[in-house]
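The values are calculated or read from the model by the stated rules, or taken from the named source; none is laboratory data. Remember, it's a predicted structure, so these values are computed and weren't measured experimentally. Ideal geometry is used to build each Cβ from the backbone, glycine not excepted, and the neighbour counts take in all protein chains shown.
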Amino acid sequence: MSTNTPSKASNVPQLQPVINDFVVKFANVNGSGSASANNMFAKAIFRMGIPVSPRNIFPSNIQGSPTWFEVRVSDDGYLGRRGGQVELVVSVNPQSMAQDVADVCPGGYFFYDNTYPLDFKLIRDDIHYIGLPLTEITNKQYNDPRRRQLFKNIIYVGSLAYLIGIEFSALESVVNDTFARKEKLIPPNIQALQMGFDAAEEAYKSPLPLQLKRRALNEGKVLMEGNAACGLGAVYGGATVAAWYPITPSTSVAEAFEQYAKRFRIDKETGEQKFAVIQAEDELSAIGMVIGANWNGARSFTATSGPGVSLMNEFLGLAYFAEVPAVLIDVQRVGPSTGMPTRTQQSDLLISAYASHGDTKHILLFPSTPKECFEMTADAFDIADRMQTPVIMLTDLDLGMNQHISDDLEWDDSRQYDLGKVVSTQDLENMERFGRYLDVDGDGVTFRSLAGAHEDKGAFFTRGTSRTEYAVYTESSDEYEKNMQRLLVKWNTAKQYIPAPEIDIIDSSHDIGVIHYGTSMAATEEAIDLIAKKHGLKMNSLRVRAFPFQDEVHEFIAQHKQVFVVEQNRDAQLKILLVNELELDSAKLTPILHYNGEPISALAIVTQLEHALDLKQAASVSEQAS
């Protein structure tokens, strides 16, 4: 074996032994198959009962550019990005080595392929270098270039098993499950893992001080992507039609729905398919199909990202004004325009809340975990039917395309779908005249009939123009104003059907509050803990889970002298929405913003909080983590 390991100064700081509390960052090449191997690494740790949080940071090209994969291990259950330097970098991409070396914290470890000498410019005197000849090993074992590329990834995972203490049996179980339908691939993958393990054990007498120890902290938990949870939630929520146009990062929502529908939407006796998945020619067509299917009585949805929401605005206005249910899952990415299509952001709030021209307001749902993706997707169909309006669920690339630890998914088999105010054929028969837009209950929600429910009565036509309470075309100013006012009453009624905010009042006497939502949750909760530990300053928090905002949100803000709003966009869109809808003094809300395309980290939040609160003599979060 090659021994091209750089010399190291004798005064390199040694990390203190760390158990289950560090970050491993993989530096790979896009299209090399590394994501599968890195996910295998994370899943094995999860199966050891240790909380783990993997994140894939990848470019928008198909192949060849640098990609990174972070895996955070935390006994304390901190699952957001920590931020700052990392303890162990696994570098198998020469393109990004300079950046990857810089990412290692003092005393940390840089694992690399030492088949070829390392450029002296990449040698730091305050970190440790772990070299293994990965290329040499794979070239000896495999002849096919693609197999060399793929199995090199598996080999370094095996090496890490020795270096940081991954149980080999956990890796074997992941391989067995991954290739359960391709059993012939199981032996060569386990062999590659063993080769890597043996090579590391031969080269290094002892493992690293970064070690994994089995825990029982993942009982009742799953490791799942948010997009997959959305697809499953749509099936359980009663969806039978999905119309969509492919766009990163939402495509796997529709793919997951189709996958699960093939299991649960097939007639057991006849084998007949009881669902439809339609790839439209564009996003505008997709939402049009969704609205048409819902008007006909099906439960239908689409999934897209920011550019798709832009194109769907006109049809969303139609569904709002004509009062047709529709469900839209927006997996947000970095904009505007094409932006960075494979990076994450929370920047579609305003375009979603007020989508379309004229006075429109749309119900928004903000999940933070795969479990909430599942539950809120299912709930969205009930809310849309109950309120006869579009419901837009805002996830993002981080939640949608990464594996996250979440509470296990649950479903009540006795649950009945809430179709809202639907008149039956008999009801129509007994009516002298059906008032499609007649508010008989004073809650702003009218009764609707499904297409074909009655030969002579019912709403066979849906108007996007001004109409009377009986769906008759009119340009009467009074009728238009009455209708718009009723829609506002309905908007307020919706508050009782949407998820309530999650409030954590540590002490009612504290006068500083923090508001957050979606995937900012994990990093925000950790940041609040760190501020309390470092400075003794405790802050209450509120997680917004839906729009329109309920009274509890207004009360929380009123109870605190200063409120910070954490979000992942440049323009403080949640703050704008809070100020606009709750008629607040903008000065009372201080934005904590992050918008570089990477998931928000606890370090980014803490740094801004310390600056805003003028907290002095604070040790950095990265120092504490190290």
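At-a-glance table
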| item | result |
| --- | --- |
| PHE434 vs. criteria within 21 Å of ASN296 (Cβ to Cβ), modelled with pLDDT of 95 or more and not hydroxyl-bearing (Ser, Thr, Tyr) | no |
| Residue check, GLY306 over 26 Å from HIS516 (Cβ atoms), touching a residue at least 24 places away in the same chain (Cβ under 8 Å) and among the small types (Gly, Ala, Ser) | no |
| Flag for ILE503 being among the β-branched types (Val, Ile, Thr), within 27 Å of MET376 (Cα to Cα), assigned to a strand (DSSP E or B) and in contact with an Asp or Glu (Cβ under 8 Å, 6 or more places away or on another chain) | yes |
| Residues within region 124-148 that are out of contact with any strand residue (DSSP E or B) (no Cβ under 9 Å at 6 or more places or on another chain) and not hydroxyl-bearing (Ser, Thr, Tyr), tallied | 11 |
| Residue list for region 402-451, restricted to those being free of Cβ contacts under 8 Å to residues at least 24 places away in the same chain and on the phi > 0 side of the Ramachandran plot | none |
| Test: MET312 is more than 14 Å from the chain's Cα centre (by Cα) and crowded, with 24+ Cβ neighbours inside 10 Å | yes |
| Tabulated pairs, region 475-492, first outside any helix (DSSP H, G or I), second buried (at least 16 other Cβ atoms within 10 Å of the Cβ), C-beta under 7 angstrom, 6+ apart or interchain | GLU475/SER466 |
| Filter result for ILE137 (in a helix (DSSP H, G or I) and hydrophobic (A, V, I, L, M, F, W, C)) | yes |
| Within region 499-545, tally of residues that are surrounded by 16 or more Cβ atoms within 10 Å (Cβ to Cβ) and either of a type in the set (A, V, I, L, M, F, W, C) or farther than 26 Å from LEU397 by Cβ (or both) | 17 |
| Filter result for the condition that a residue is more than 27 Å from ILE287 (Cβ to Cβ), surrounded by 14 or more Cβ atoms within 10 Å (Cβ to Cβ) and under 27 Å from the mean Cα position of the chain (by Cα), over LEU409, LEU438 | LEU409 |
| Lone unmet requirement of (1) at pLDDT below 95; (2) crowded, with 16+ Cβ neighbours inside 10 Å; (3) outside any helix (DSSP H, G or I) for ASN143 | (2) |
| Residue match in region 166-176 (condition: outside any helix (DSSP H, G or I), within 34 Å of the chain's Cα centre (by Cα), surrounded by fewer than 23 Cβ atoms within 10 Å (Cβ to Cβ) and without any contact (Cβ under 8 Å) to a residue 60 or more places away in the chain) | no |
| Top-ranked residue of region 125-155 - restricted to ones that are free of Cβ contacts under 8 Å to residues at least 60 places away in the same chain and out of contact with any Phe, Trp or Tyr (no Cβ under 8 Å at 6 or more places or on another chain), ranked as nearest to GLU172 (Cα to Cα) | ILE155 |
| Subset of region 82-123 (residues that are touching a strand residue (DSSP E or B) at 6+ places or on another chain (Cβ under 7 Å), touching a residue at least 60 places away in the same chain (Cβ under 8 Å) and part of a strand (DSSP E or B)) | VAL86, GLU87, LEU88, VAL89, VAL90, SER91, CYS105, GLY108, TYR109 |
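Yes/no matrix, rows are residues, columns are (1) under 13 Å from the mean Cα position of the chain (by Cα); (2) in a loop (DSSP other than H, G, I, E, B); (3) buried (at least 24 other Cβ atoms within 10 Å of the Cβ):
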{"position": "VAL331", "(1), (2), (3)": "yes, no, yes"}
{"position": "PRO336", "(1), (2), (3)": "no, yes, no"}
{"position": "THR344", "(1), (2), (3)": "yes, yes, yes"}
{"position": "GLY358", "(1), (2), (3)": "no, yes, no"}
{"position": "LYS361", "(1), (2), (3)": "no, yes, no"}
{"position": "GLU372", "(1), (2), (3)": "yes, no, yes"}
{"position": "ALA384", "(1), (2), (3)": "no, no, yes"}
{"position": "MET393", "(1), (2), (3)": "yes, no, yes"}
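For (1) surrounded by fewer than 19 Cβ atoms within 10 Å (Cβ to Cβ); (2) over 28 Å from GLU525 (Cβ atoms); (3) not assigned by TED's automatic domain parsing to the domain that holds GLN194, each residue gets a yes or a no:
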residue: MET48; (1), (2), (3): no, no, no
residue: PRO51; (1), (2), (3): no, no, no
residue: SER65; (1), (2), (3): yes, yes, no
residue: SER74; (1), (2), (3): no, no, no
residue: GLU87; (1), (2), (3): no, no, no
residue: ASN93; (1), (2), (3): no, yes, no
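For every residue, the table says whether it meets (1) outside any helix (DSSP H, G or I); (2) at pLDDT 95 or above.
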{"position": "ASN569", "(1), (2)": "yes, yes"}
{"position": "GLU581", "(1), (2)": "no, yes"}
{"position": "GLU598", "(1), (2)": "yes, yes"}
{"position": "LEU603", "(1), (2)": "no, yes"}
{"position": "HIS611", "(1), (2)": "no, yes"}
{"position": "ALA619", "(1), (2)": "yes, no"}
{"position": "GLU623", "(1), (2)": "no, no"}
